[in-house]
1. Using 0.36 nm per residue, how much length does the chain from Cys86 to Thr33 gain when fully extended, once their Cα-Cα distance is taken away?
2. Tell me the label-point distance for the pair Asn15, Arg74, using the 7 Å Cα-to-Cβ offset, in nm and rounded to one decimal.
3. Would you list which aspartates and glutamates come within 19 Å of Lys42, measuring only between C-alpha atoms, while excluding same-chain residues fewer than 8 positions from it?
4. Below 19 Å, Cα to Cα, which lysines can Lys92 reach? Residues fewer than 8 away in the same chain don't count.
5. Where in the stretch 1-77 are there trypsin sites (Lys or Arg not before Pro) that are in a DSSP coil and have at most 14 other Cβ atoms within 10 angstrom of their Cβ?
6. Please name which of Leu48, Ala13, Asn76 has its Cα lying farthest along the dipole of the stretch 7-113 towards the positive end, using unit charges on Cβ (Lys, Arg +1; Asp, Glu -1) and the Cα centre as origin.
Amino acid sequence: MTLHQNIVGVDIAKNWIDIYNPNTKQHQQVKTTSKALRAFAKTCTHALVVMEASGGYERPLMQACEAQGVDYTRVNPRQAREFARCTGQLAKTDRVDAKMLAKWCGLWNECLTSP
């Protein structure tokens, strides 16, 4: 198993993805065109991309990640929402969801590396 130092949270919609990188604390939005998704994936070669299963809308991003050799994981949306709720985050926006996905996976990473 590879543990990643950089984890990128991605909330997926039909026409765009919202991205949060906790290392840079930056949000960005990218259209879901093949070209834009490939360009985004190229920036993630040393990161783990975390996304929710979104009824198939996540597939183009998964394909872009695979084409660039980028590690990714797809998580259950209900579990991701429960994590956000247990941290006190009741608001639900695309930006918040992307941030929560990165935070959640980052905590898992910490748990796996702690003695």
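Every number in this text was worked out from the coordinates using simple rules, so none of it is lab data. Please read these numbers as outputs of a predicted model, since none were measured by experiment. Cβ atoms come from the backbone with ideal geometry, glycine included; neighbour counts cover every protein chain shown.
1. Length gained between Cys86 and Thr33: 15.7 nm.
2. Taking the simple label geometry, Asn15 and Arg74 are separated by 2.4 nm.
3. Answer for Lys42, where 19 Å is the Cα cut-off: Asp11, Asp18, Glu58, Glu66, Asp71, listed by chain and number.
4. Once the sequence-local lysines are set aside, what remains near Lys92 is Lys14, Lys25, Lys103.
5. Hits after loop and neighbour filter: Lys14, Lys25.
6. Going by the charge dipole, the pick is Ala13.
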